[in-house]
Amino acid sequence: MESRLERTPLYETHRRLGARMVPFAGWEMPVQYTSLIEEHRNVRSKLGLFDLSHMGELEVRGERAEEFLNHALTNDVRALEVGQAQYTLITYTDGTVCDDAILYRLPDRYLLVVNAGNIRKDYEWLDQQRLGFPGVELSNASAETALLAVQGPLSQEILSPLTDADLSALRYYHITEGSVCGVPALIARTGYTGEDGFEVFFPAGQAERVWDCILEAGRPKGLMPVGLGARDTLRLEARMPLYGHEISDQTNPLEAGLGFAVKLEKGDFVGREALEREKKLGPARRLVGFELVERGVPRADQPIYKHGEQVGFVTSGTHSPTLGKAIGLGYVPTRYSKPGTEIEIMIRDRPVRAVVVKTPFYKRERSEGG
């Protein structure tokens, strides 16, 4: 018997807005409200509002919290100042990926935001590692936490009047405390779209109030709710990995191009020995971006060919609404990872010509704050 899908506090709100709901990572989530292309382009040109309350929030406290997290995660936690965020990975002892996450350092604790489908797995794995660090407290605040994201060039303009926090002073990958629509919240200048924007954490019981408040304030400027469909195409254009596609327990961060979040020089951590060996030998395969040069749309798990033989596979693919061309990510042997290399994607049993390109496919111009 199939288990019942989880629902965020905004499930009925999404239904009232006419969203098409789909299963995702054990949750019933809105995939789109109008159309994927319209929502995608609106985020790139104006702004969009996302319900991310399915994501996981793990909290770590205690005098040895920094030491514990530096052991359990790949990035160097010691580099974090209060109010700062860091992209990091949770790895297994063999160097493969348990999950990727954003770590926020708050005055009294650390907040680790993990992927929805991995909450229980991540918690149990981290709890095992915690045994070597007496006094460290690990708690799962996911059920009582709502998370909304306002993403797009107009996000600061729309959100600023709704909060007592100075968003103009909040730098990229930083977090601050304040209120949003009168509700106590944490406001982070982070996101998963490649645009400037904010992610707002607050008590789940206030989800409808905050959602309605932001949506009402932003609609005159073009704010629209955005579903998982556009979230996926936005993150793909920005080359942001998705767990279960670009990264998994079958991949390691170095072959996935995430070496910037792996600090081998910081000392011992879970998976360090395996990753050190991988770096020394060099990854046998690499995650690359590609564009099709013939008609077609690449999709996950399609084979990648070279010289008539399968050499890899697609992890994610789409027709880019921003670029107007078919793009994708996939793993190929390192010798075929150089930009300009010609490959073929097997689409519906037909080889379609493609070329390896530099990524990200899309990169916005950075403003002073974001």
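Go over the candidates GLU59, GLU39 one by one and state the one that is of a type outside the set (Gly, Ala, Ser), at pLDDT 95 or above and either in a helix (DSSP H, G or I) or closer than 22 Å to GLY257 by Cα (or both).
Going through GLU59, GLU39 in turn, just one is of a type outside the set (Gly, Ala, Ser), at pLDDT 95 or above and either in a helix (DSSP H, G or I) or closer than 22 Å to GLY257 by Cα (or both): GLU39.
Six or more apart or on different chains, Cβ atoms under 6 Å: show the pairs whose first residue is in segment 122-147 and hydroxyl-bearing (Ser, Thr, Tyr) and whose second is crowded, with 21+ Cβ neighbours inside 10 Å.
SER142/GLY56; SER142/GLU57; SER142/ILE119; THR145/GLU57; THR145/PHE201
Taking segment 1-46 on its own, how many of its residues are of a type in the set (Asp, Glu) and either under 17 Å from ILE119 (Cα atoms) or crowded, with 18+ Cβ neighbours inside 10 Å (or both)?
Residues that pass the stated criteria total 3.
Condition test on ALA185, is it outside any helix (DSSP H, G or I) and in contact with a Pro (Cβ under 9 Å, 6 or more places away or on another chain)?
Criteria met by ALA185.
Is it true that some residue in segment 247-255 is polar (S, T, N, Q) and more than 23 Å from LEU329 (Cβ to Cβ)?
no
Take the conditions touching an Asp or Glu at 6+ places or on another chain (Cβ under 9 Å), surrounded by fewer than 21 Cβ atoms within 10 Å (Cβ to Cβ) and among the small types (Gly, Ala, Ser) and apply them to ALA284. Does it pass?
yes
Mind checking whether some residue in segment 16-28 is assigned by TED's automatic domain parsing to the domain that holds ILE158, free of Cβ contacts under 8 Å to residues at least 60 places away in the same chain and part of a helix (DSSP H, G or I)?
yes
What about VAL314, is it under 19 Å from LEU242 (Cα atoms), within 25 Å of the chain's Cα centre (by Cα) and without any contact (Cβ under 8 Å) to a residue 40 or more places away in the chain?
yes
Would you check which residues across segment 287-314 are surrounded by 14 or more Cβ atoms within 10 Å (Cβ to Cβ), more than 28 Å from PHE260 (Cα to Cα) and small (Gly, Ala, Ser) and list them?
GLY296
Go through (1) in a strand (DSSP E or B); (2) of a type in the set (A, V, I, L, M); (3) touching a Lys or Arg at 6+ places or on another chain (Cβ under 6 Å) for VAL82 and report which single condition fails.
Only one criterion is unmet by VAL82, namely (1).
I'd like the full set of residues that are hydrophobic (A, V, I, L, M, F, W, C) and either in the same structural domain as LEU228 (by TED's automatic domain parsing) or not in a loop (DSSP other than H, G, I, E, B) (or both), limited to segment 242-283.
ILE247, PHE260, ALA261, LEU264, ALA274, LEU275, LEU281, listed by residue number.
Considering only segment 71-115, state which residues are surrounded by fewer than 21 Cβ atoms within 10 Å (Cβ to Cβ) and over 17 Å from HIS174 (Cα atoms).
HIS71, TYR92, THR93, ASP94, THR96, ASN115
I need the full set of residues from segment 123-168 which are part of a strand (DSSP E or B) and closer than 30 Å to ARG219 by Cα, in order please.
Answer for segment 123-168, where residues must be part of a strand (DSSP E or B) and closer than 30 Å to ARG219 by Cα: THR145, ALA146, LEU147, LEU148, ALA149, VAL150, GLN151, THR163.
So that you can scan it fast, the table gives a plain yes or no per residue for (1) over 24 Å from the mean Cα position of the chain (by Cα); (2) closer than 17 Å to MET224 by Cβ; (3) of a type in the set (Asp, Glu); (4) surrounded by fewer than 20 Cβ atoms within 10 Å (Cβ to Cβ):
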position	(1), (2), (3), (4)
ASP164	yes, no, yes, yes
ARG171	no, no, no, yes
SER179	yes, no, no, yes
ARG189	no, no, no, no
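For segment 66-89, name all the residues that are touching a residue at least 60 places away in the same chain (Cβ under 8 Å) and either in contact with a strand residue (DSSP E or B) (Cβ under 6 Å, 6 or more places away or on another chain) or among the hydroxyl-bearing types (Ser, Thr, Tyr) (or both).
Within segment 66-89, LEU73, THR74, ASN75, GLY83, GLN84, ALA85, GLN86, TYR87, THR88, LEU89 qualify.
Restrict the check to segment 319-328 and report whether at least one residue is polar (S, T, N, Q) and touching a helix residue (DSSP H, G or I) at 6+ places or on another chain (Cβ under 7 Å).
Among the residues of segment 319-328, at least one is polar (S, T, N, Q) and touching a helix residue (DSSP H, G or I) at 6+ places or on another chain (Cβ under 7 Å), which makes the answer yes.
The values are calculated or read from the model by the stated rules, or taken from the named source; none is laboratory data. Treat the numbers as computed from the prediction; the structure is a model and nothing was measured. Don't worry about glycine lacking a Cβ; one is built from the backbone with ideal geometry, like all the others, and counts go over all protein chains shown.
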